[in-house]
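Below: one structure, written as structure tokens.
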Amino acid sequence: MSRTATDTDSASDQPPPGDDTAFFGQPRGLLTLSGLEVWERFSFLGMQAILVLYFVDTVAHGGMGMDPGTAASVSAAYGTLVYLVSVAGGWLADRMLGSYRAVLWGGILIACGHYAMAVPTATMTWVGLGLISAGTGLLKPNVATMVGKLYRTEDQRRDAGFALYYMGINIGAFLGPLITGWLGDHKGWHWGFSAAAIGMTFGLIQYVLGRRHLAGRKATAEYKLPDDAMRRAIRSLVIGAVVVVVLAVLLAVAGWLTMDRFVDLLTIISVIAPIAYFAVMFKSPRVTSQERGRLKPYLVLFLASVAFNFILFQAYSTMMLLASTNAKTEILGYHFPASWYASALGAFEVALAPVVAAVWARMGPRQPHASNKIAIGVILGGLSFILMVLPTSGHSSDTYLMSAWWIVGSYLLLGLGDILLETSGMSATTKLAPKAFANQTMSLWFLSLALANGIQAQTVKLYGEVSNPAYFGVNGAIAVAVGIAVIALAPWLRRTMHPVH
């Protein structure tokens, strides 16, 4: 007897059996999702590596002529918008689209955004950034949730699987800046943006071809709204989007909505949104008392993520500005574009992720608790900034150029910290998430990235206004202090984070 469409959809949402080890001992669906992230990160971080340099470059040379502090602030505000939209992306997947279609439409919007940025006009730059923000908000939280659906809760391969998934992400993070950076330096910034567009297109093709190996590819959302509520939600979304766009245009034309005010507005929203979201989840009748208890330690992990990603995202803003003006762009006699420093971060994560995955897999139940992995990651992130105090101290001349190895060393610490924090954080999120908020809890994890960018959008305005040793030293010390605080809370976190180990 043949299976019905409903049977097929239901089966496709189930985790595969534990003997599915086709991809380095992991489910074969991990290859499809990792392949998508290779190209998504290729496009996103390839563009991000040259975005702040494009902002500060002169108009005559094809740039936008911003001062460094403003350029870094606008770049951070863009990151804030990307991750704020992830909340809507998680809700749309849970209630309307389903995970598979949310990721697909997100990828399409991202590709369209990069193609828009390939057009050499300021207007198309802003249009492109808006499309990429919307698309990334749909794609990022939901593809990570789909990775979690490849594993049953008790499957000890989960952390190792997320480490391999993160390695895939960083293959794209390594390759993207190499290609977009070379094109931006030799051909023009918009040539670099074109390469990002082509990369995302490849990612979409690979995702569609490998969809049969995925759990979570139902035709409808798991917690789909009733038909009447669905129609009301669609109507509200359309009307709301039109009102926001029209209001923004009117305020901009009137001269009130300046770039600085827009950045400040995003920062305020990035603070309010996670507070509101935690409140909704704690009060929701869909959340059981046991699930509510697991949200309390998750709040600690959320704040740790904010502290770390505040440092991480500056690898593409203040660190990129520092590299372009105060560091040598030469290693072993070979000259390279400053944007290639961003590839060092991806290279270290590609190299270290399988090592970390192998260590966790070998240790099995003896591996450190997830909260300690996250805490160590935050500390390493802080140390990556503290390291920059040394080469930037005691040099009054603006012509002094530090050795490239200082920045490479900083990115080594940052890359290892990123692997420890993000893989454990995303894995813990998929296990701590209330069932009724599965995709939306991953969105909440990405709200920590929005808040980190929102704080960064204000802090980076000080770059160039205070000394470099003070800027990097103070920010790094704060991150280290947060990591130590999480370690101090480890006994309570172990008790309250069950079934997370």
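Excluding ligands and nucleic acids, what accessible area in Å² is computed for residue 482 using a 1.4 Å probe, to the nearest 10?
That residue has around 40 Å² of solvent-accessible surface.
Let me know the shape class of segment 304-360, please: from the alpha-carbon gyration tensor, a ≥ b ≥ c as square roots of the eigenvalues, rounded when a/c is under 1.5, otherwise prolate if a/b is greater than b/c, or oblate. Please list the in-between numbers first.
Values: a/c = 3.88, a/b = 1.36, b/c = 2.84.
Here segment 304-360 falls in the oblate category.
Report, to the nearest 10°, how far helix 468-488 tilts away from the longest principal axis of the Cα atoms in the chain, using its own Cα long axis and a range of 0 to 90°.
Roughly 30 degrees between the two axes.
Could you check the simple spin-label distance between residue 435 and residue 405, using points 7 Å along Cα→Cβ, in nm with one decimal?
5.6
With a/c under 1.5 counting as rounded, go ahead and sort segment 429-497 into rounded, prolate or oblate using the C-alpha gyration tensor (a ≥ b ≥ c being the square roots of the eigenvalues; past the cut-off, prolate if a/b is larger than b/c, else oblate).
Numbers: a/c = 6.01, a/b = 1.65, b/c = 3.65.
Oblate shape, in that a/c is at least 1.5 and b/c is the bigger or equal ratio.
Quick one: helix 404-432 against the long Cα principal axis of the chain, what's the angle to the nearest 10°, folded into 0 to 90?
Helix 404-432 sits at roughly 20 degrees to that axis.
Which of the lysines could a cross-linker span from residue 187 if the Cα-Cα distance has to be under 24 Å and same-chain partners fewer than 8 positions apart are dropped?
328
Would you list, by chain and number, the lysines whose Cα falls below 19 Å from the Cα of residue 373, excluding same-chain residues fewer than 8 positions away?
In chain and number order, the partners are 296, 431.
Using +1 at the C-beta of Lys and Arg and -1 at the C-beta of Asp and Glu, which of 45, 146, 184 has the Cα lying farthest in the positive direction of the dipole of the chain?
After comparing all options, I get 146.
Skipping prolines and chain starts, which residues have an amide H placed within reach, meaning under 5 Å, of the one on residue 402, given they are 5 or more residues away or on another chain?
For residue 402, whose amide H was placed from the backbone, the distant partners under 5 Å are 327, 328.
Could you calculate the contour length gain from residue 245 to residue 258, that is, 0.36 nm times the residue separation minus the distance between their Cα atoms, to one decimal place in nm?
Values: separation 13, 0.36 × 13 = 4.68 nm, distance 1.49 nm.
Fully extending the segment from residue 245 to residue 258 adds 3.2 nm.
Determine, for each peptide in 367-375, 177-185, 483-491, the mean count of other beta carbons within 10 angstrom over its residues, then list the peptides with the highest first.
Numbers: 367-375: 22.1, 177-185: 23.7, 483-491: 15.7.
Per-residue Cβ counts within 10 Å, averaged per peptide and sorted highest first, yield 177-185, 367-375, 483-491.
Can you compute the helix-only [θ] at 222 nm over the chain? Use -39500 (n - 2.57) per DSSP H run of at least 4 residues, normalise by all residues, nearest 500 deg cm²/dmol.
Theoretical 222 nm ellipticity from helices: -25000 deg cm²/dmol.
Can you give the accessible area per residue of segment 456-501, in Å², using a 1.4 Å probe?
Numbers: 2290 Å² over 46 residues.
Solvent-accessible surface per residue comes out at 50 Å².
Based on the mean of other Cβ atoms within 10 Å per residue, sort peptides 66-76, 401-411, 243-253 so the most packed one is first. Please report the intermediate quantities before stating the final value.
Numbers: 66-76: 22.7, 401-411: 18.9, 243-253: 11.2.
Highest-to-lowest ranking by the protection proxy: 66-76, 401-411, 243-253.
From the Cα gyration tensor of segment 128-194, with a ≥ b ≥ c the square roots of its eigenvalues, which class applies: rounded if a/c is under 1.5, or else prolate if a/b is larger than b/c, or else oblate? Working shown, then result.
Details: a/c = 6.71, a/b = 1.98, b/c = 3.38.
Here segment 128-194 falls in the oblate category.
Of the accessible area of the chain, with the probe set at 1.4 angstrom, what percent is carbon plus sulfur? Spell out each step's value before the answer.
Working: 13940 of 20460 Å².
About 68 percent, which is the carbon plus sulfur part of the accessible surface.
Ignoring ligands, DNA and RNA, what accessible area per residue does segment 287-385 give at 1.4 Å, in Å²? Write out the running numbers ahead of the final one.
Details: 3480 Å² over 99 residues.
Here the per-residue accessible area is 35 Å².
Label residue 292 and residue 488 with points 7 Å out from Cα along Cα→Cβ: what is the distance between them in nm?
Output for this residue pair reads 2.9 nm.
Report, in degrees rounded to the nearest 10, the 0 to 90 angle that the Cα long axis of helix 370-386 makes with the longest principal axis of the chain.
For 370-386 against the chain, the angle is about 10 degrees.
Listed highest first by mean packing, meaning other Cβ atoms within 10 Å per residue, what order do 340-347, 138-145, 198-205 come in?
Numbers: 340-347: 24.6, 138-145: 28.5, 198-205: 20.2.
Put in order of decreasing packing, that is 138-145, 340-347, 198-205.
The values are calculated or read from the model by the stated rules, or taken from the named source; none is laboratory data. Bear in mind that the values here come from a model prediction, so they are computed numbers and not experimental data. All Cβ positions, glycine included, derive from the backbone under ideal geometry; neighbour counts span all protein chains shown. Note: areas computed on protein heavy atoms with side chains; ligands, DNA, RNA excluded. Shrake-Rupley method; radii C 1.70, N 1.55, O 1.52, S 1.80 Å.
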